[in-house]
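Enquirer: Submitted below is the structure of interest, expressed as structure tokens.
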Amino acid sequence: MGSEGRGWNGAAAGAGDGARGGEEKPTTTAAVAAGAPADVPTSAASVDITLPLPEMTPHIMQVPLLLLPPVFRFACARAGLCKGSVKGWSSLDSSCFSIETVSGGITNLLLKVSVKEDTGNEFSVTVRLYGPNTDLVIDRKRELQAIPYLSAAGFGARLLGIFENGVVQSFINARTLSPADMREPRIAAEIAKELHRFHQVDIPGSKEPQLWNDIFKFLKKASALKFEDNEKRKRYETISFREIQDEVKELKDLSDLLHAPVVFAHNDLLSGNLMLNDSEGKLYFIDFEYGSYSYRGYDIANHFNEYAGFDCDYNMYPDKDAQYHFFRNYMQPDRPSEVQAQDLEALYVETNTFRLASHIYWALWALIQAKVSPIDFDYLGYFFLRYGEYKKQRESCFSLAQSSLSELRNG
Ligand SMILES: Nc1ncnc2c1ncn2[C@@H]1O[C@H](COP(=O)(O)OP(=O)(O)OP(=O)(O)O)[C@@H](O)[C@H]1O
């Protein structure tokens, strides 16, 4: 198939040779120039995410075909097929493929593409299509730079190929956790241990924490929006960006005094980004779109805020005992009971200061989404919910940090 047709813009860059059964290494495309790892095949093709699935299907199937050699080799290795030859798979026709939606997501469209050989063997990959305008809140270059290192450390799905507006990844055989699972002490301990490991991954490049840069960038964008819809405009005009700016500055100054350790943080550890294979006891962190160097306490606080679940019930935020249970397993995965009291207290203060930053971050994110996202969701309402929660928690979180700092000063 060529580059013509609705929903299909552009052609493979080199990887097209793979679709004809060749072994040539794909050439560099914009994705590589934007920071993709050099050994991952790329294609300049893009798929129109706005098409209904039946119309999109033929275009989607082209993506794994264009990126065929590595996807194929990976799939063969997993399924024990074809003994390393690419000829077998390239001769399959489209009737051997099936496609289903895994998730509409808030941000992306995730599809499972499966291929069945004559032998009956089947294997699957995922094709993730980036949602329109998501580059306004997601730094794709940062994400693509981090994935190979996270993948090498055993995190997430394997990156098999990159095309203009999405990626092909391995399919993970595991169930997605629910918010209730995530709060369960045994699973919470596993998440804490895995987060300890995640925070030790070294991603080359700048180690500067990005949290406040990102928040200030969001603030700038969020304060300059124009809504055509009357109702939305009225709600938007009630927001005081001067007030938010003052809050952000004050919170940043306070958190700077804590000298919190900086790590490569996931930054979006909600239940939907945690998968568990119960029989193997393997926990997966997925979706590194928001990953960056940041404060460890921020990553933990952001995860705790997600205990609120789909009902956004922030009363589900863990109490001190549940937080300590998590901290113990995070700080000393092998000997959780041996963590020192002062280390627990320090992480408690750190986490519950950054708890506020997480509310501000997602509140501002939601404002931008309210303008640019095609998804029918009350993002403005979500802004008010998160900013309201910030205000509700502000006093107790500020005084916790301030009294801890004054205790430190007074020895
Ligand atoms: N590689 C994978 N293999 C199997 N299932 C996956 C894989 N990646 C994601 N999923 C499933 O798809 C769901 C959505 O994935 P993901 O969170 O990456 O998408 P998203 O569009 O970023 O969603 P959101 O914006 O809501 O976070 C996950 O909760 C998980 O159930």
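Enquirer: Would you point out the residue of the stretch 174-187, among those that are within 13 Å of the ligand (Cβ to nearest atom) and part of a helix (DSSP H, G or I), that is most open to solvent (accessible area, probe 1.4 Å)?
Expert: Among those residues, the one meeting the criterion is D181.
Enquirer: Out of everything in the stretch 110-143 that is open to solvent by 40 Å² or more (accessible area, probe 1.4 Å) and closer than 22 Å to I215 by Cβ, what residue ends up being farthest from the ligand (Cβ to nearest atom)?
Expert: Step by step, filter the stretch 110-143, then rank; the result is K141.
Enquirer: Please name all residue pairs, on different chains or six or more residues apart, with Cβ atoms under 7 Å, provided the first residue is in the stretch 327-341 and is in a loop (DSSP other than H, G, I, E, B) and the second residue is surrounded by fewer than 10 Cβ atoms within 10 Å (Cβ to Cβ) and of a type in the set (D, E).
Expert: These pairs meet every condition: Q332/E338.
Enquirer: What's the total number of residues in the stretch 371-396 that are open to solvent by 10 Å² or more (accessible area, probe 1.4 Å) and in a helix (DSSP H, G or I)?
Expert: 15
Enquirer: Separate question: Take E247 and decide whether it is in contact with a Leu (Cβ under 7 Å, 6 or more places away or on another chain), in the same structural domain as F285 (by the TED database) and surrounded by 12 or more Cβ atoms within 10 Å (Cβ to Cβ).
Expert: No.
Enquirer: Next up: Here are some residues: A366, A341. Which one is within 25 Å of R183 (Cβ to Cβ) and open to solvent by 60 Å² or more (accessible area, probe 1.4 Å)? Steps first, answer last, please.
Expert: Values: A366 fails: open to solvent by 60 Å² or more (accessible area, probe 1.4 Å).
Being within 25 Å of R183 (Cβ to Cβ) and open to solvent by 60 Å² or more (accessible area, probe 1.4 Å) holds for just one of A366, A341, which is A341.
Enquirer: Please specify each residue of the stretch 158-173 satisfying the condition of being at pLDDT 90 or above and either among the hydroxyl-bearing types (S, T, Y) or open to solvent by 30 Å² or more (accessible area, probe 1.4 Å) (or both). Spell out how you get there, then give the answer.
Expert: Step one: filter the stretch 158-173 for residues at pLDDT 90 or above, giving 171-173.
Those that are at pLDDT 90 or above and either among the hydroxyl-bearing types (S, T, Y) or open to solvent by 30 Å² or more (accessible area, probe 1.4 Å) (or both): F171, N173.
Enquirer: Kindly indicate the residue of the stretch 93-109 that is at pLDDT 70 or above and within 12 Å of the ligand (Cβ to nearest atom) and also most open to solvent (accessible area, probe 1.4 Å) among those meeting that condition.
Expert: Only one residue fits best here, namely E100.
Residue-by-condition table, conditions (1) open to solvent by less than 70 Å² (accessible area, probe 1.4 Å); (2) farther than 26 Å from L136 by Cβ; (3) assigned to a loop (DSSP other than H, G, I, E, B):
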site: E228; (1), (2), (3): no, no, yes
site: Y290; (1), (2), (3): yes, no, yes
site: S294; (1), (2), (3): yes, no, no
site: Y298; (1), (2), (3): yes, no, no
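Enquirer: Next up: Which is among the basic types (K, R) and crowded, with 23+ Cβ neighbours inside 10 Å, of R355, R328, R335?
Expert: R355
The values are calculated or read from the model by the stated rules, or taken from the named source; none is laboratory data. If you're wondering where the values come from, they're calculated on a predicted model, not measured in any experiment. Note that we place each Cβ from the backbone using ideal geometry, even for glycine, and neighbour counts take in every protein chain shown. Remember, those area values only see protein heavy atoms, side chains included, never the ligands or the DNA or RNA. Shrake-Rupley method; radii C 1.70, N 1.55, O 1.52, S 1.80 Å.
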